[in-house]
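A.B. asks: Attaching a single structure in structure tokens format; questions to follow.
The values are calculated or read from the model by the stated rules, or taken from the named source; none is laboratory data. Worth saying up front: this structure is predicted, and the values here are computed from it rather than measured. Every residue, glycine among them, receives a Cβ derived from its backbone with ideal geometry; neighbour counts consider all protein chains shown. Note: areas computed on protein heavy atoms with side chains; ligands, DNA, RNA excluded. Shrake-Rupley method; radii C 1.70, N 1.55, O 1.52, S 1.80 Å.
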Amino acid sequence: MMDLNLGAAPVADDLIKDSTEATFMADVVETSQTVPVIVDFWAPWCGPCKTLGPQLEEAVRAAKGAVKMVKVNVDEAQMIAGQLQIQSIPTVYAFYKGQPIDGFQGAVPHSEIKAFIDRVVQAGGGEAAGDGLADAVAAAEDMLAEGAATDAAQTFAAVLGEDAQHAGAYGGLVRAHIALGELDQAEAILNGAPAEISKTPELEAAFAQLELARQAEGAGPVTELRAAVEANPEDAQARFDLALALHANGDVEEAVTVLLELFRMDREWNDGAAKAQLFTIFDALKPNDPVVLNGRRKLSSMIFA
């Protein structure tokens, strides 16, 4: 097993606490003089708060002490909420050296929560993600991007030896086996994922990539399918098969373009297959990928036109 030199994690109770108007100065302003403090403004009646709160807590614990979290019930701390001009909840602020340095409102995707925590940690002089596991996963991702899938798989596996519920390492291990062409092994690993992380973005992306890899095995020749579409533009199946073939050949952007055109032509074809395939492609890519951003925008404009 790889020695990642993680050290002991701080006690969870020291990382996350409830605060009141009486203790806010000590819990947030004073504590933030030495370590950034995330403040989650919530209320018992707020539905999105019940989802965001646990996600924030998970991300803070993953930072291993590089950031702390304070939860403030606005119903019981109306004076503080007023001073900070909290107009809707959930609202999240990050404090450092006694001052707000970052924040957001409303429930946001898991990836944005992680990016927010990383920014706050870096603002406090720490390393993004705050632990050796994150560094090891980042190194493995670099290996995978460079084509060293076997080395990446070994590193991802070593991380899982330290933390069996590390979603990033789990998803990475699946993707490494996909890159090696070992789709059955990738599927077995994915099916064995702990229930606690089975719905995380990292595993959902790995599942989407596995589905696309399976499709690529049966994809037809691009030239013939393109000719079939040109000969009969109304042939929805040929257009769909062309998109699969294009993606299998690495032409992701053109595959998305073909699927968008198919959706425009007949959004209900084959039980909405074009939209479902678009979502599979989007899930397999990073949320900020230009192909995803442009594709989602165009799809939304068609749906809500």
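A.B. asks: Of all residues in segment 172-181 being under 14 Å from LEU212 (Cα atoms) and assigned to a helix (DSSP H, G or I), which is most open to solvent (accessible area, probe 1.4 Å)? If you could, list the steps in order and put the result at the bottom.
C.D. replies: We begin by selecting, within segment 172-181, every residue under 14 Å from LEU212 (Cα atoms); these are 174-175, 177-179, 181.
Now drop any that are not assigned to a helix (DSSP H, G or I), which leaves 174-175, 177-179.
Numbers: VAL174: 0, ARG175: 46, HIS177: 26, ILE178: 29, ALA179: 68 Å².
The selected residue is ALA179.
A.B. asks: Moving on. Would you check if LEU242 is touching a Leu at 6+ places or on another chain (Cβ under 8 Å), within 15 Å of MET302 (Cβ to Cβ) and not charged (D, E, K, R)?
C.D. replies: Numbers: touching a Leu at 6+ places or on another chain (Cβ under 8 Å): yes; within 15 Å of MET302 (Cβ to Cβ): no; not charged (D, E, K, R): yes.
No.
A.B. asks: Considering only residues that are in a helix (DSSP H, G or I) and acidic (Asp, Glu), look in segment 107-127 and name the one that is nearest to THR34 (Cα to Cα).
C.D. replies: The initial filter retains those residues of segment 107-127 that are in a helix (DSSP H, G or I), namely 110-123.
Narrowing the set further to residues that are acidic (Asp, Glu) leaves 112, 118.
On the way: GLU112: 24, ASP118: 17 Å.
Across segment 107-127, the extreme among qualifying residues is ASP118.
A.B. asks: A follow-up question, please. Considering only residues that are at pLDDT below 90 and of a type in the set (A, V, I, L, M, F, W, C), look in segment 10-24 and name the one that is surrounded by the fewest Cβ atoms within 10 Å (Cβ to Cβ).
C.D. replies: VAL11
A.B. asks: Would segment 28-35 turn up any residue that is crowded, with 21+ Cβ neighbours inside 10 Å, of a type in the set (Ser, Thr, Tyr) and at negative phi?
C.D. replies: Going residue by residue through segment 28-35, those that are crowded, with 21+ Cβ neighbours inside 10 Å are 28, 32.
Adding the requirement that they be of a type in the set (Ser, Thr, Tyr) leaves 32.
Narrowing further to those that are at negative phi: 32.
Taking every residue of segment 28-35 in turn, at least one turns out to be crowded, with 21+ Cβ neighbours inside 10 Å, of a type in the set (Ser, Thr, Tyr) and at negative phi.
A.B. asks: Condition first: over 20 Å from GLN122 (Cβ atoms) and out of contact with any strand residue (DSSP E or B) (no Cβ under 9 Å at 6 or more places or on another chain). Now tell me which residues in segment 28-47 satisfy that.
C.D. replies: If the condition is that a residue be over 20 Å from GLN122 (Cβ atoms) and out of contact with any strand residue (DSSP E or B) (no Cβ under 9 Å at 6 or more places or on another chain), then GLU30, TRP45, CYS46, GLY47 are the ones that fit.
A.B. asks: Give segment 23-62 a look and list any residue that's in a strand (DSSP E or B) and touching a Pro at 6+ places or on another chain (Cβ under 9 Å), or say none. Working first, answer last.
C.D. replies: Start the filter on segment 23-62 by keeping residues that are in a strand (DSSP E or B), which leaves 37-42.
Matches in segment 23-62: VAL39, ASP40, PHE41, TRP42.
A.B. asks: Using the structure shown, decide if ALA66 is among the aliphatic types (A, V, I, L, M), touching a residue at least 60 places away in the same chain (Cβ under 8 Å), open to solvent by less than 50 Å² (accessible area, probe 1.4 Å) and not in a helix (DSSP H, G or I).
C.D. replies: When the stated conditions are applied, ALA66 passes them.
A.B. asks: Still on this structure: Of all residues in segment 87-106, which are assigned to a loop (DSSP other than H, G, I, E, B) and either open to solvent by 70 Å² or more (accessible area, probe 1.4 Å) or at pLDDT below 85 (or both)? Full working, then the answer.
C.D. replies: Pass one, segment 87-106, residues assigned to a loop (DSSP other than H, G, I, E, B): 87-90, 97-98, 106.
GLN87, LYS97, GLY98, listed by residue number.
A.B. asks: Among the numbered criteria (1) modelled with pLDDT of 90 or more; (2) buried (at least 18 other Cβ atoms within 10 Å of the Cβ); (3) out of contact with any Leu (no Cβ under 9 Å at 6 or more places or on another chain), which single criterion is violated by PRO44?
C.D. replies: It is condition (2) that PRO44 fails.
A.B. asks: For segment 196-208, name all the residues that are open to solvent by 30 Å² or more (accessible area, probe 1.4 Å), part of a helix (DSSP H, G or I) and either modelled with pLDDT under 95 or of a type in the set (D, E, K, R) (or both).
C.D. replies: GLU196, PRO201, GLU202, GLU204
A.B. asks: Within the group ALA164, ALA169, ALA193, which residue is under 20 Å from the mean Cα position of the chain (by Cα), closer than 17 Å to ALA62 by Cβ and assigned to a loop (DSSP other than H, G, I, E, B)? Outline the logic, then answer.
C.D. replies: Details: ALA169 fails: assigned to a loop (DSSP other than H, G, I, E, B); ALA193 fails: closer than 17 Å to ALA62 by Cβ.
Of ALA164, ALA169, ALA193, the one residue that is under 20 Å from the mean Cα position of the chain (by Cα), closer than 17 Å to ALA62 by Cβ and assigned to a loop (DSSP other than H, G, I, E, B) is ALA164.
A.B. asks: Which residues, counting only those in segment 70-79, are touching a residue at least 24 places away in the same chain (Cβ under 8 Å), more than 24 Å from ASP118 (Cβ to Cβ) and open to solvent by 10 Å² or more (accessible area, probe 1.4 Å)?
C.D. replies: In the first step, residues of segment 70-79 are kept if they are touching a residue at least 24 places away in the same chain (Cβ under 8 Å); the result is 70-77, 79.
Filter once more, so that each one left must be more than 24 Å from ASP118 (Cβ to Cβ): 73-77, 79.
The answer is ASN73, VAL74, ASP75, GLU76, MET79.
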